[in-house]
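The values are calculated or read from the model by the stated rules, or taken from the named source; none is laboratory data. Bear in mind that the values here come from a model prediction, so they are computed numbers and not experimental data. Backbone-built Cβ (ideal geometry, glycine too); neighbour counts: all protein chains shown.
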Protein chains: 2
Amino acid sequence: MRSDGGTDFFKVAVTADVLRAFRDVAPREAQEVPFRDALGRVLASTVVAGADIPPFDRAVMDGYAVRAADTFGCGESQPAYLTCAGTVEMGRPAPPGPKPGEALRISTGGMMPSAADAVVMWEYTREDGDVVEVSRPAAPGENVVRAGEDVRAGDTVLEAGRLLRPADVGLLSGLGRTVVEVVRRPRVAVVSTGDELVEPGEDPGPGMVRNVNQYSLGAWVEQCGAEPVLLGLVADDLEQIRARVGEGLERADMVIISGGSSAGTRDLTRRVVETCGEPGLLFHGLAVRPGKPTVVGSSGGRPIFGLPGHPVSAMVVFLLLVRPVINRMLGRGDDAGLRKVPARLGDNLPSQAGREDFYQVHLSQSDGGLVAHPVFRKSGLVISMVRGEGMVRVPFEREGLEEGERVDVEIYS
Amino acid sequence: MRSDGGTDFFKVAVTADVLRAFRDVAPREAQEVPFRDALGRVLASTVVAGADIPPFDRAVMDGYAVRAADTFGCGESQPAYLTCAGTVEMGRPAPPGPKPGEALRISTGGMMPSAADAVVMWEYTREDGDVVEVSRPAAPGENVVRAGEDVRAGDTVLEAGRLLRPADVGLLSGLGRTVVEVVRRPRVAVVSTGDELVEPGEDPGPGMVRNVNQYSLGAWVEQCGAEPVLLGLVADDLEQIRARVGEGLERADMVIISGGSSAGTRDLTRRVVETCGEPGLLFHGLAVRPGKPTVVGSSGGRPIFGLPGHPVSAMVVFLLLVRPVINRMLGRGDDAGLRKVPARLGDNLPSQAGREDFYQVHLSQSDGGLVAHPVFRKSGLVISMVRGEGMVRVPFEREGLEEGERVDVEIYS
């Protein structure tokens with residue numbers, strides 16, 4: 001058996017080696033966006049509340065604002081009788097009062113009058129002329145939210161690095177933060193190489209196929225919250241690939257070369273990465289299946305990933321190496337976007353010690369919980385990543401996993 | 001205790017009643033989009049492959065295309081000797097051959113010559129002049145993907161109603177489907193009412209607060225894959241609300257009225273829904289906490305939801321009622337986007353039989369798995385939905401749940 005002359009074995013990496021090599025990757029710069037466009041973006045700086053929410057004591061029930069002491073000891077058979085001294089209008093300053101023995105009509109959200117310390121719910125009252133009959137005592141503070149009880153001015157309410165959710169957009173609105181600082185989306189250039197590839201709109205001639213990786217990887221980039229820069233197809237030619245990768249390094253924060261899958265193309269990718277700037281090539285070969293022919297390099301602080309040509313292999317390596325680096329550029333944790341669900345294996349998964357194996361699986365529900373069924377298809381079939389819902393990792397030290405074992409499925413999402 | 005004069009108890013609904021009332025809601029019409037813009041959209045029609053993938057038999061390894069029979073019985077000590085008759089160029093039609101006793105160099109992805117039925121991996125060969133020494137036999141079909149083995153012309157590859165993922169975009173590309181039919185995003189109008197509300201860019205005067213729901217609900221609409229139509233603020237005035245809701249019914253597929261939280265405002269919402277078209281009011285009151293003051297109606301086939309004014313209540317009811325209806329308009333299952341994770345309760349959750357209670361929780365990891373900690377805050381606080389990661393449902397028939405119980409947390413995402 002011949003060894004692969006194109007691979008320096010001392011540079012074969014495990015996933016952790018690659019991520020360690022990019023430990024200095026920092027979040028991109030901040031940019032200001034209207035808070036209405038901030039959903040799904042990552043906060044660049046911590047948000048500190050500039051004012052109290054609510055800005056004043058508010059009723060949280062419809063009823064009467066009272067001095068709680070005026071209701072002590074009352075009950076169904078022995079109501080308290082108060083004088084109705086008016087109404088708190090919504091959106092208006094509260095009137096003065098109430099004086100001892102008085103009550104003011106108030107609605108949910110209304111501003112508490114300064115002398116009131118509780119709201120008696122409407123259900124426990126009866127109004128007759130000017131008289132309000134109260135059949136249940138109110139404790140001080142009852143049915144009232146104090147100024148700043150929700151959010152206090154000076155509170156840190158949202159941390160830098162947070163992916164903004166719908167509730168956060170609502171909070172920004174409540175705080176009057178109409179502009180918010182988010183991390184610029186990292187730009188990820190995608191270059192496809194391979195003499196056998198044509199664009200999806202073209203009819204492939206004999207021996208040719210349509211480009212899949214440019215678009216599945218571009219969509220993954222988008223899914224991770226980054227901005228794909230699709231640089232299209234380039235022939236298997238050193239100078240042409242070098243020029244296109246150079247364009248990517250100028251226009252983007254990171255370059256993915258979606259390699260042809262033949263040894264010749266892999267070698268071209270390696271030579272381009274070796275010569276496109278400092279430090280150049282970092283690793284050639286990854287102890288992952290599928291994913292062995294991966295090339296990793298860097299030029300002037302911009303990571304370069306030469307991914308395998310098989311669509312499934314390219315996706316697996318993207319999720320293992322590229323997504324964590326995108327996350328760092330967004331100021332998020334490496335595993336952001338990685339969602340695991342526990343399941344039992346529906347079949348044996350063969351493997352070898354000394355490498356990580358990844359199997360595409362689909363899930364079914366059984367009485368005992370989820371079952372992960374491997375999508376056993378030949379290497380590189382597009383349909384296996386379409387039918388798959390996630391992947392199962394066979395760790396380094398294991399020579400396969402057995403039917404019925406508990407595993408975590410890493411969901412594609 | 002007084003009963004609430006504004007509520008007809010015979011119309012108080014449970015969640016299932018509301019969803020049953022909207023059982024006829026159908027997917028919006030199809031629209032064509034470039035496949036590159038299809039990520040996250042929902043397929044309107046099933047995609048059937050128009051051609052085989054791959055379009056021809058392909059090598060999946062680098063090596064030599066051979067007639068398998070020529071390698072039978074060979075081994076390390078007794079190699080087979082074949083004549084190298086040329087090279088299959090990537091992206092080119094395969095040359096004729098190989099004749100018996102011949103081999104052709106081929107790379108991964110190359111087109112198999114018609115007379116070859118297997119590829120011997122390069123690692124098991126040695127080339128010397130014109131002679132190829134083969135040290136391991138190949139079985140017929142080995143290292144070859146047949147034309148149509150990945151996808152066969154006529155195969156249904158993606159079903160209508162599917163949310164398109166990155167791998168699907170790759171498949172569309174591989175099939176040459178440059179344009180794809182997706183369901184138009186449903187438009188959801190959001191109207192906020194309440195004399196106490198100001199826009200987030202304004203300074204709230206005494207008794208006033210900034211509008212939260214318009215933007216948190218708008219963001220939820222977006223998160224569900226629909227298009228928010230933000231119609232802004234309207235005063236607590238029947239005619240003004242009616243006009244704004246009318247605008248929503250014209251411009252959108254559904255209208256959400258994010259009500260003021262006082263009884264007066266709720267009553268206005270109800271009266272608007274009663275009179276804005278047929279059938280008008282369907283339900284007033286929901287056996288859900290928080291969410292009781294919900295109003296549900298319909299006008300000319302367009303659902304109308306009067307949501308509670310408290311931001312948390314509004315979100316809970318949105319997730320219970322509005323999201324499933326949006327999903328139907330997208331042609332998806334009611335529970336699409338609903339993600340549950342199992343956890344143990346970190347505290348008791350009180351409730352009453354006969355209604356569903358929802359508690360905001362945040363999650364922590366313990367040795368025994370996830371623990372759900374209720375975010376106990378007063379009703380309606382914005383911060384509780386920001387701190388919460390999901391919600392726990394206390395079912396109708398239970399009078400609360402106990403610390404340590406197994407629950408499903410419905411994650412906000």
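Is it true that B:Gly297 is modelled with pLDDT of 95 or more, outside the structural domain of B:Pro374 (by TED's automatic domain parsing) and over 30 Å from A:Asp150 (Cα atoms)? Let's see the steps before the verdict.
Details: modelled with pLDDT of 95 or more: yes; outside the structural domain of B:Pro374 (by TED's automatic domain parsing): yes; over 30 Å from A:Asp150 (Cα atoms): yes.
The answer is yes for B:Gly297.
Yes/no per residue for (1) among the basic types (Lys, Arg); (2) over 28 Å from B:Pro228 (Cβ atoms); (3) assigned by TED's automatic domain parsing to the domain that holds B:Asn213; (4) in contact (Cβ under 8 Å) with a residue 24 or more places away in the chain:
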{"site": "B:Pro324", "(1), (2), (3), (4)": "no, no, yes, yes"}
{"site": "B:Arg344", "(1), (2), (3), (4)": "yes, yes, no, yes"}
{"site": "B:Leu349", "(1), (2), (3), (4)": "no, yes, no, yes"}
{"site": "B:Glu356", "(1), (2), (3), (4)": "no, no, no, yes"}
{"site": "B:Arg393", "(1), (2), (3), (4)": "yes, no, no, yes"}
{"site": "B:Gly400", "(1), (2), (3), (4)": "no, yes, no, yes"}
{"site": "B:Arg406", "(1), (2), (3), (4)": "yes, yes, no, yes"}
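Within the range B:128-136, can one find any residue that is assigned to a strand (DSSP E or B), of a type outside the set (Phe, Trp, Tyr), in the same structural domain as B:Thr71 (by TED's automatic domain parsing) and at pLDDT below 95?
yes
Check the range A:18-41 and report whether any residue there is in a helix (DSSP H, G or I), touching a helix residue (DSSP H, G or I) at 6+ places or on another chain (Cβ under 9 Å), more than 14 Å from chain B (Cβ to nearest Cβ) and not aromatic (Phe, Trp, Tyr).
Step one: filter the range A:18-41 for residues in a helix (DSSP H, G or I), giving A:18-21, A:35-37.
From what's left, touching a helix residue (DSSP H, G or I) at 6+ places or on another chain (Cβ under 9 Å): A:18-19, A:35-36.
From what is left, the residues that are more than 14 Å from chain B (Cβ to nearest Cβ) are A:18-19.
Still in the list and also not aromatic (Phe, Trp, Tyr): A:18-19.
Taking every residue of the range A:18-41 in turn, at least one turns out to be in a helix (DSSP H, G or I), touching a helix residue (DSSP H, G or I) at 6+ places or on another chain (Cβ under 9 Å), more than 14 Å from chain B (Cβ to nearest Cβ) and not aromatic (Phe, Trp, Tyr).
Output yes when any residue across the range A:303-312 is surrounded by fewer than 23 Cβ atoms within 10 Å (Cβ to Cβ), within 29 Å of B:Ser173 (Cβ to Cβ), in contact with a helix residue (DSSP H, G or I) (Cβ under 9 Å, 6 or more places away or on another chain) and modelled with pLDDT of 95 or more, and no when none is.
Start the filter on the range A:303-312 by keeping residues that are surrounded by fewer than 23 Cβ atoms within 10 Å (Cβ to Cβ), which leaves none.
No, the conditions are met nowhere in the range A:303-312.
Could you list, in sequence order, the residues of the range A:333-359 that are out of contact with any Ser or Thr (no Cβ under 8 Å at 6 or more places or on another chain), modelled with pLDDT under 95, of a type in the set (Gly, Ala, Ser) and surrounded by 15 or more Cβ atoms within 10 Å (Cβ to Cβ)?
A:Ser351
For B:Asp150, indicate whether it is facing chain A (nearest Cβ under 8 Å) and at pLDDT below 95. Can you show your working first?
Values: facing chain A (nearest Cβ under 8 Å): yes; at pLDDT below 95: yes.
It is true that B:Asp150 is facing chain A (nearest Cβ under 8 Å) and at pLDDT below 95.
Which numbered condition trips up A:Thr108, out of (1) more than 14 Å from chain B (Cβ to nearest Cβ); (2) in a loop (DSSP other than H, G, I, E, B)?
Only one criterion in (1) more than 14 Å from chain B (Cβ to nearest Cβ); (2) in a loop (DSSP other than H, G, I, E, B) is unmet by A:Thr108, namely (1).
Which residue, of A:Val188, A:Val145, A:Val132, is buried (at least 22 other Cβ atoms within 10 Å of the Cβ), touching a Pro at 6+ places or on another chain (Cβ under 8 Å) and more than 24 Å from B:Leu217 (Cα to Cα)?
A:Val188
Working only within the range B:60-87, note down all residues that are surrounded by fewer than 21 Cβ atoms within 10 Å (Cβ to Cβ), away from chain A (no Cβ under 13 Å) and either assigned to a strand (DSSP E or B) or on the phi > 0 side of the Ramachandran plot (or both).
Scanning the range B:60-87 gives B:Gly73, B:Tyr81, B:Thr83, B:Cys84, B:Ala85, B:Gly86.
Which residues, counting only those in the range A:216-246, are of a type in the set (S, T, N, Q) and in contact (Cβ under 8 Å) with a residue 60 or more places away in the chain? Talk me through it step by step, then tell me what you get.
Of the range A:216-246, the ones of a type in the set (S, T, N, Q) are A:216, A:223, A:240.
Matches in the range A:216-246: A:Ser216, A:Gln223.
Which members of the range A:127-147 meet the condition of being of a type in the set (A, V, I, L, M, F, W, C) and either in contact with a helix residue (DSSP H, G or I) (Cβ under 6 Å, 6 or more places away or on another chain) or within 14 Å of chain B (Cβ to nearest Cβ) (or both)?
If we filter the range A:127-147 for residues that are of a type in the set (A, V, I, L, M, F, W, C), which is where we start, we get A:131-132, A:134, A:138-139, A:144-145, A:147.
Selection gives A:Val132, A:Val134, A:Ala138, A:Ala139, A:Val144, A:Val145, A:Ala147.
Could you say whether any residue in the range B:115-124 is at the interface with another protein chain (Cβ under 9 Å from one of its Cβ atoms) and part of a loop (DSSP other than H, G, I, E, B)?
No; the residues of the range B:115-124 include none that is at the interface with another protein chain (Cβ under 9 Å from one of its Cβ atoms) and part of a loop (DSSP other than H, G, I, E, B).
Restricting the search to the range B:216-234, which residues are surrounded by fewer than 22 Cβ atoms within 10 Å (Cβ to Cβ) and within 9 Å of chain A (Cβ to nearest Cβ)?
The answer is B:Glu222, B:Gln223, B:Leu230.
For the range A:149-167, does any single residue satisfy the condition of being free of Cβ contacts under 8 Å to residues at least 12 places away in the same chain, closer than 27 Å to B:Ser413 by Cα and either buried (at least 16 other Cβ atoms within 10 Å of the Cβ) or assigned by TED's automatic domain parsing to the domain that holds A:Ser45 (or both)? So that I can check it myself, show each step before the final result.
As a first pass, look at the range A:149-167 and keep what is free of Cβ contacts under 8 Å to residues at least 12 places away in the same chain: A:167.
Retained after the next criterion (residues that are closer than 27 Å to B:Ser413 by Cα): A:167.
Checking which are either buried (at least 16 other Cβ atoms within 10 Å of the Cβ) or assigned by TED's automatic domain parsing to the domain that holds A:Ser45 (or both) leaves us with A:167.
Within the range A:149-167 (the criterion being free of Cβ contacts under 8 Å to residues at least 12 places away in the same chain, closer than 27 Å to B:Ser413 by Cα and either buried (at least 16 other Cβ atoms within 10 Å of the Cβ) or assigned by TED's automatic domain parsing to the domain that holds A:Ser45 (or both)), the answer is yes, since at least one residue qualifies.
What about A:Asp57, is it surrounded by 13 or more Cβ atoms within 10 Å (Cβ to Cβ), modelled with pLDDT under 95 and within 14 Å of another protein chain (Cβ to nearest Cβ)? Steps first, answer last, please.
Details: surrounded by 13 or more Cβ atoms within 10 Å (Cβ to Cβ): yes; modelled with pLDDT under 95: no; within 14 Å of another protein chain (Cβ to nearest Cβ): yes.
So A:Asp57 does not fit the description; no.
From the list A:Gly297, A:Gly306, exactly one residue is touching a residue at least 12 places away in the same chain (Cβ under 8 Å), in a strand (DSSP E or B), among the small types (Gly, Ala, Ser) and closer than 19 Å to A:Arg23 by Cβ. Which is it? Walk me through it before giving the result.
Values: A:Gly306 fails: closer than 19 Å to A:Arg23 by Cβ.
Of the residues listed, the single one that is touching a residue at least 12 places away in the same chain (Cβ under 8 Å), in a strand (DSSP E or B), among the small types (Gly, Ala, Ser) and closer than 19 Å to A:Arg23 by Cβ is A:Gly297.
Check B:Ser413, B:Ser384 and return the single one that is hydroxyl-bearing (Ser, Thr, Tyr), within 13 Å of chain A (Cβ to nearest Cβ), crowded, with 21+ Cβ neighbours inside 10 Å and over 23 Å from B:Ala16 (Cβ atoms).
B:Ser384
Applying the selection to the range B:42-54, what residues are surrounded by fewer than 20 Cβ atoms within 10 Å (Cβ to Cβ) and assigned to a strand (DSSP E or B)? Even if it seems obvious, please write down each step before you answer.
Residues of the range B:42-54 that are surrounded by fewer than 20 Cβ atoms within 10 Å (Cβ to Cβ), as a first pass: B:45-46, B:48, B:50-52.
The one that is surrounded by fewer than 20 Cβ atoms within 10 Å (Cβ to Cβ) and assigned to a strand (DSSP E or B): B:Val48.
If a residue has to be facing chain B (nearest Cβ under 7 Å), free of Cβ contacts under 8 Å to residues at least 12 places away in the same chain and farther than 30 Å from B:Leu230 by Cβ to count, how many in the range A:170-215 make the cut?
Residues in the range A:170-215 being facing chain B (nearest Cβ under 7 Å), free of Cβ contacts under 8 Å to residues at least 12 places away in the same chain and farther than 30 Å from B:Leu230 by Cβ: 4 in total.
Surrounded by fewer than 20 Cβ atoms within 10 Å (Cβ to Cβ), closer than 20 Å to B:Leu171 by Cβ and either modelled with pLDDT of 95 or more or within 36 Å of the chain's Cα centre (by Cα) (or both) - does that describe any residue in the range B:7-30?
yes
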